[in-house]
Amino acid sequence: MLEDHLSASTSDSMVEKGCAHEKDDDEAYTQDGSMDRHGQPSIKGKTGGWGIGILLLVNQGLATLAFFGVGVNLVLFLTKVLKQDNAQAANNVSKWTGTTYAFSLVGAFASDSCWGRYKTCAIFQVIFVLGLVLLSLSSYLFLLRPCIPGDGDPQCVPPTAIEIAVFYLCIYQIALGNGGYQPSITTFGADQFDDEDPKEGLSKVAFFSYFYLAMNLGSLISNTALVYVEDEGKWVLGFWTSAGAAFVALVLFLGGTPRYRHFKPGGNPLPRVCQVAVAAVKKWTVEMPPCGEDLYEVDGKEYVINGSRRILHTQQFRFLDRAAVITTKDFSLQDQALAPDPWCLCTITQVEEVKCILRLIPIWLCTIIYSVVYTQMASVFVEQGATMKTAISTFHIPPASMSIFEILGVACFVLLNKPYIVPLFCQLQKTNLRAPAELQRMGVGLIISAMAMVSAGIVELQRLKYADVGCNDCEDASSLSILWQIPQYLLVGASEVFMYVGQLEFFNRQAPVGLKSFGSALCMTSMSLGNYVSSLLVTIVMDITTRDDQPGWIPENLNKGHMERFYFLLAALTGIDFIVYMLCAKWYKCISFEGKCGAREVSHDTNSLKESSSGLVGE
């Protein structure tokens, strides 16, 4: 039935009887429980919709432009202005990027637990703008005035330790602002469309595609225009442009305040997880009922989280089932009509929420190596390009701007996915599914990322053949054209479509209702840990390969190193990670909900997907 695919509304105007949903006669109000800024039910004609959706898309595009205006060329700023060596600069960029994604946990927690999405977006955008302004001022006053250190001017004094510390303080404030803002703005934009309205439901699905497009357009501008400006040594102009874009984004966001739709934060999910662990430990000696029978459960209306449904019992991690075993003491509380102590007795659904988290963790761990590969695009790829021939006739190609080919790779595979990739997949699998499942797409992403590293290693071997070994910190250290890097960037872009998009969909689909923010946070923390692991890996590689007076794989003069071995190492690690991932994916069991009529309903990511009323696959 069509109604089986519609979410049960939290609005008082919806009355649920069996599987049928009877709507209030007043169609002027949204039916998904959203509110306006005064706490009243949202009126469709005055709040949300595409008017606000487009505003948020422009906001995201400008914010992405601002962030990548700093991040995409940061490795060259560290090497040229702060005079760091290649390995140190790559490590610092990886740490900074990883910290940005780690701050997403702060934003997600604040958004879902206390502040709500609107306030979280506003506060972290203010932090972001102030960080960019301070970076522009500090760079102009301390680091780049009156000259760039190392440019040959004997009167140019290198920055002091305090001035460098101010620089790092600024870029990490930018990381806090952008990282805290990102996990909230996507969901906040989707909140502007009513799931219970068929037309707005389709618009909500389309919003995610346009949101991803807005991000790519913003990064495309920063990776071309801003990178070119900064590569010419006009760092301050590039930083001020980023600050201006972020300020305009903030003004646009605040300008839409009267028309936004809001949802109340759902509270902190951490106590619910801890309650299961504590209750299971307290009942460690209690005899377990066979096959999960007679475990504690409550009616859906009594759930702490509105809109949640019962999760069916599974046999994995059975030791946690003890938290739902009803003992004599629990019986006495029920006889007295008292609510059981949640630290002693938990529902099956609450126990299964914890099981879902435990099942997701192995899959999540396998995605970290991919993030290690992905982060090389902003560090060693740029360093490699900087030592190649960057001139085509009289035009100079900034090394960091080569990432536009990654963006083109993303766009091409997004556009080719539905008309070509999905039909090809269905033919190979001999199935009627409309799309590869999330776990399958993530596996394909791992394979393509390994191919990208092999491609980069082959290019490095070719670069060394045309390199001037005696050239140290000079332009065109190799006569091989930088355009040879195009395949590795395209492959990274293709892998991103399969891995990151599939990963986001998978974690959101498989996370319980009360832990959706945790599912989104897993994607961000995977990127964060990938950057930290990349930094650690570079450190270990340099420590091992620089022994016995050897220059190492990634020395300051890349013509004397063996960066291709680092690329091939990453390809090998990705191959090993793929084997482990396949085992974890085979072991994984999808979350199973009780249907709205009491029937079993599985949130698939693998086999039998069902087509919803919106024309999408799955729930």
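Close contacts from segment 400-426, counting a first residue that is over 16 Å from residue 378 (Cα atoms) and a second that is among the charged types (D, E, K, R) and open to solvent by 70 Å² or more (accessible area, probe 1.4 Å), with Cβ to Cβ under 9 Å and a gap of 6+ residues or different chains, come to 418/434; 422/434; 426/434.
Taken over segment 161-195, the criterion of being in a loop (DSSP other than H, G, I, E, B) and open to solvent by less than 50 Å² (accessible area, probe 1.4 Å) is satisfied by 191, 192, 193, 194.
Which members of segment 374-403 meet the condition of being surrounded by fewer than 20 Cβ atoms within 10 Å (Cβ to Cβ) and hydrophobic (A, V, I, L, M, F, W, C)? Answer for segment 374-403, where residues must be surrounded by fewer than 20 Cβ atoms within 10 Å (Cβ to Cβ) and hydrophobic (A, V, I, L, M, F, W, C): 391, 392, 395.
Determine whether segment 387-397 contains at least one residue that is in contact (Cβ under 8 Å) with a residue 24 or more places away in the chain and under 14 Å from residue 460 (Cβ atoms). Even if it seems obvious, please write down each step before you answer.
Step one: list which residues in segment 387-397 are in contact (Cβ under 8 Å) with a residue 24 or more places away in the chain, which gives 387-392, 396-397.
Add one more test, that the residue is under 14 Å from residue 460 (Cβ atoms), and what stays is 387-388.
There is at least one residue in segment 387-397 that is in contact (Cβ under 8 Å) with a residue 24 or more places away in the chain and under 14 Å from residue 460 (Cβ atoms).
The set of residues in segment 512-565 that are open to solvent by less than 40 Å² (accessible area, probe 1.4 Å), more than 19 Å from residue 372 (Cα to Cα) and modelled with pLDDT of 80 or more comprises 545, 552, 555, 557, 558, 559, 561. Residue under question is residue 30, and the condition is that it be at pLDDT 80 or above, over 30 Å from residue 235 (Cα atoms) and among the hydroxyl-bearing types (Ser, Thr, Tyr); does it hold? Taking the combined requirement at face value, the residue satisfies it.
Number of residues in segment 241-284 that are farther than 30 Å from residue 49 by Cβ, aliphatic (A, V, I, L, M) and under 27 Å from the mean Cα position of the chain (by Cα) equals 3. Pairs meeting the criteria (first residue in segment 87-104 and more than 16 Å from residue 542 (Cα to Cα), second residue in a helix (DSSP H, G or I) and of a type in the set (Val, Ile, Thr), beta carbons under 7 Å, at least 6 apart or on different chains) are 93/75; 96/171; 97/375; 101/525; 102/525. Checked against the criterion of being more than 18 Å from residue 72 (Cβ to Cβ), touching a Gly at 6+ places or on another chain (Cβ under 8 Å) and open to solvent by 30 Å² or more (accessible area, probe 1.4 Å), the candidates 202, 213, 217 yield just one match: 202. Within segment 379-419, being outside any helix (DSSP H, G or I) and out of contact with any Pro (no Cβ under 9 Å at 6 or more places or on another chain) holds for 379, 389, 391, 392, 393, 394, 395, 396, 397, 398.
The values are calculated or read from the model by the stated rules, or taken from the named source; none is laboratory data. Here the structure is a predicted model, which means the values were calculated and not measured. Here the Cβ is made from the backbone with ideal geometry for all residues, glycine too, and neighbour counts use every protein chain on show. Heads up: the accessible areas ignore ligands, DNA and RNA and are worked out on the full protein's heavy atoms, side chains in. Shrake-Rupley method; radii C 1.70, N 1.55, O 1.52, S 1.80 Å.
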